[in-house]
1. Give the residues of the stretch 44-65 that are in contact with a helix residue (DSSP H, G or I) (Cβ under 8 Å, 6 or more places away or on another chain), under 28 Å from ASP482 (Cβ atoms) and modelled with pLDDT of 90 or more, sorted by residue number.
2. Please go through the stretch 303-313 and give me each residue that is farther than 14 Å from MET118 by Cα and either buried (at least 18 other Cβ atoms within 10 Å of the Cβ) or hydrophobic (A, V, I, L, M, F, W, C) (or both), ordered by number.
3. Which of (1) surrounded by fewer than 21 Cβ atoms within 10 Å (Cβ to Cβ); (2) at pLDDT 95 or above; (3) closer than 30 Å to GLY109 by Cα is the odd one out, the single condition ALA492 does not satisfy?
4. Can you pull out the helices (runs of 4 or more DSSP H) entirely within the stretch 125-237 that have at least 2 residues that are among the basic types (Lys, Arg)?
5. Considering only residues that are within 16 Å of the ligand (Cβ to nearest atom) and in a strand (DSSP E or B), look in the stretch 80-123 and name the one that is farthest from ASN143 (Cα to Cα).
6. Please work out which one of (1) surrounded by fewer than 18 Cβ atoms within 10 Å (Cβ to Cβ); (2) under 36 Å from the mean Cα position of the chain (by Cα) is the condition LYS47 fails and give its number.
7. Among the listed residues THR335, THR346, identify the single one that is surrounded by fewer than 19 Cβ atoms within 10 Å (Cβ to Cβ) and in contact with a Pro (Cβ under 9 Å, 6 or more places away or on another chain).
8. For LEU513, all conditions in the list (1) of a type outside the set (S, T, N, Q); (2) within 24 Å of the chain's Cα centre (by Cα); (3) farther than 27 Å from VAL418 by Cα hold save one; what is the number of the exception?
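The values are calculated or read from the model by the stated rules, or taken from the named source; none is laboratory data. Source: prediction; values computed, not measured. As a convention, Cβ positions derive from the backbone with ideal geometry for all residues, glycine included, and neighbour counts pool all protein chains shown.
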Amino acid sequence: MDYKQLVAAALAPALPDLTQDAILDKIEQPKTSKQGDLAFPTFTLAKTLHKAPQMIASDIVEKVDDSDFEKVVAMGPYVNFFFKKAAFAADILGQVLTNGGHFGDGKLGEQGQVPIDMSSPNIAKPISMGHLRSTVIGNSLANILSKLDYQPVKINHLGDWGTQFGKLITAYKMWGSEAEVKADPINNLLKYYVRFHKEDVDHPEMDDEAREWFKKLENGDEEATHLWSWFRSESLKAFKKIYQRLDIDFDSFKGEAFYNDKMQEVVDILEDKHLLQESQGAEVVDLSKYDLNPALIKKSDGATLYITRDLAAAIYRKRTYDFVQSLYVVGNEQTNHFKQLKAVLTEMGFDWADQIHHIPFGLITSGGKKLSTRSGRVILLDKVLDDAVTLAHEQIEAKNPDLPNKDEVADAVGIGAVVFHDLKNERMNSFDFNLEEVVRFEGETGPYVQYAHARAESILRKAGSPEIAATDQTLSDPAAWDTLKLLSEFPATVVRASTEYEPSVIAKYAIHLAKAFNKYYANTKILVEDDELNARLALVKSVSIVLKEALRLLGVKAPDEM
Ligand code: ARG
């Protein structure tokens with residue numbers, strides 16, 4: 001139990017009308033340590049209890065179970081709790097040292113499989129910063145959920161189907177070359193596609209041809225299928241290089257094309273339930289009772305659409321994984337799409353539609369401007385990662401030129417910095433990308449947290465890497481108190497990150513813990529031979545364990561030396 005919950009539990013018998021959460025909400029940190037470690041204000045209860053706050057405070061003190069505390073006293077309108085610091089330290093350090101990286105593991109409500117639709121870039125186009133956000137948020141949610149005993153399934157719903165492939169095939173047949181595509185698939189395929197859009201303005205017959213090719217593709221024509229599958233595999237190869245650098249893997253690469261033969265069933269169910277309406281030759285589902293625009297299921301030429309494929313995918317995932325939740329980590333701009341998806345599934349009679357959660361996120365801008373492939377204002381991910389690693393290299397060279405495995409560490413620091421920066425921002429916040437800021441060793445950055453971890457490891461090395469027993473860590477040092485309290489909060493932090501689908505909760509926690517530890521370390525001599533040396537080392541070891549685990553949950557490495 002963390003220190004706040006301990007107080008809430010002690011208060012509960014004295015406050016039968018309040019829930020545990022309501023009590024937790026009111027508990028505050030007193031201004032000075034003279035007023036104890038935590039306090040419970042009674043002002044808001046005065047009205048309902050028709051008593052003066054001072055009276056309420058002394059009544060509560062009579063009723064609380066104070067056995068876990070050094071003392072519990074009423075001070076004016078507050079109930080103040082003083083912890084048995086040494087015992088608390090022993091308890092929390094014992095838990096961390098015994099469980100190691102498993103400290104904070106837990107179980108929450110209904111367990112089971114949780115598909116996470118994440119990354120999902122489009123074939124023949126570069127991975128955008130938005131896809132990067134989806135990738136790192138999805139990956140972190142998978143780590144967090146799996147720590148809480150869910151079974152996440154990471155699904156890359158590749159954008160590998162749609163009329164644009166008709167255009168791409170047409171363009172390739174006009175101007176493409178095999179050698180070019182092999183050498184640099186993404187950029188050259190994009191080049192053909194962009195040229196198609198320039199030239200079809202004056203040559204509308206190109207659009208007819210593109211429609212023809214997509215028809216052929218849908219019907220399994222050999223040449224069309226061959227080109228499509230080649231574009232797909234070349235693009236996927238390029239994507240996988242980036243995933244490898246991020247050290248992120250997927251359980252499934254079933255993209256939109258996979259659902260090609262599964263959409264008829266969707267249309268059949270919709271027809272059976274009389275949900276399809278004709279609108280200007282197209283087939284739509286009316287969603288006005290949800291206050292949403294109609295969902296366009298089939299175009300007038302019979303072609304199916306993005307949402308039709310998502311309907312088929314949702315049903316497929318329910319059947320395949322029997323999920324307890326199904327997550328879609330996709331930008332904010334698709335909020336309406338996912339509302340429509342849920343509404344249509346509800347109309348179809350699937351009661352599991354409410355297990356579907358869109359996890360939206362804000363935009364990444366550059367110099368305050370929106371990025372877009374069309375306008376050519378793009379941040380190329382590979383280049384960002386290269387530049388981040390180069391900057392990390394420079395800083396390591398300046399700080400620790402004798403470090404043996406510099407390349408490996410620079411990789412962990414540079415790439416970790418980009419991932420951490422993305423995750424420390426609350427997901428709905430848009431933010432501007434500035435590489436220098438991302439890779440700094442100070443401030444609220446990934447390298448700062450990694451550095452605190454490496455510093456803890458270096459202290460342990462200097463101490464001769466002793467075996468630290470998990471029991472009897474009686475640490476009375478007041479400077480250690482903030483760090484200890486934070487350690488005790490880690491399990492509740494993991495839970496909060498999961499219920500809010502918010503990795504930034506973990507990132508912010510890691511920054512706080514690193515800061516508290518740096519402060520402790522700056523004010524306290526750790527490696528002095530006295531009675532509490534072992535306890536201080538236990539604290540250092542515990543900080544190292546929890547920082548490393550927090551970074552792991554974010555998908556960031558923690559080198560032992562940097
Ligand atoms: N490929 C889409 C895009 O880049 C994202 C797909 C998201 N996933 C989904 N099931 N719709 O915009």
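1. Residues satisfying the conditions are ILE60, VAL64.
2. Keep residues of the stretch 303-313 that are farther than 14 Å from MET118 by Cα, which gives 303-309, 311-312.
Those that are farther than 14 Å from MET118 by Cα and either buried (at least 18 other Cβ atoms within 10 Å of the Cβ) or hydrophobic (A, V, I, L, M, F, W, C) (or both): ALA303, THR304, LEU305, ILE307, THR308, ARG309, LEU311, ALA312.
3. (2)
4. Details: elements: 129-147, 164-175, 178-183, 185-199, 205-218.
In the stretch 125-237, 129-147, 164-175, 185-199, 205-218 are the helices (runs of 4 or more DSSP H) which contain 2 or more residues that are among the basic types (Lys, Arg).
5. Among those that are within 16 Å of the ligand (Cβ to nearest atom) and in a strand (DSSP E or B), it is ASN122.
6. (2) is the only condition that LYS47 fails.
7. It is THR335.
8. Here LEU513 clears every test but (3).
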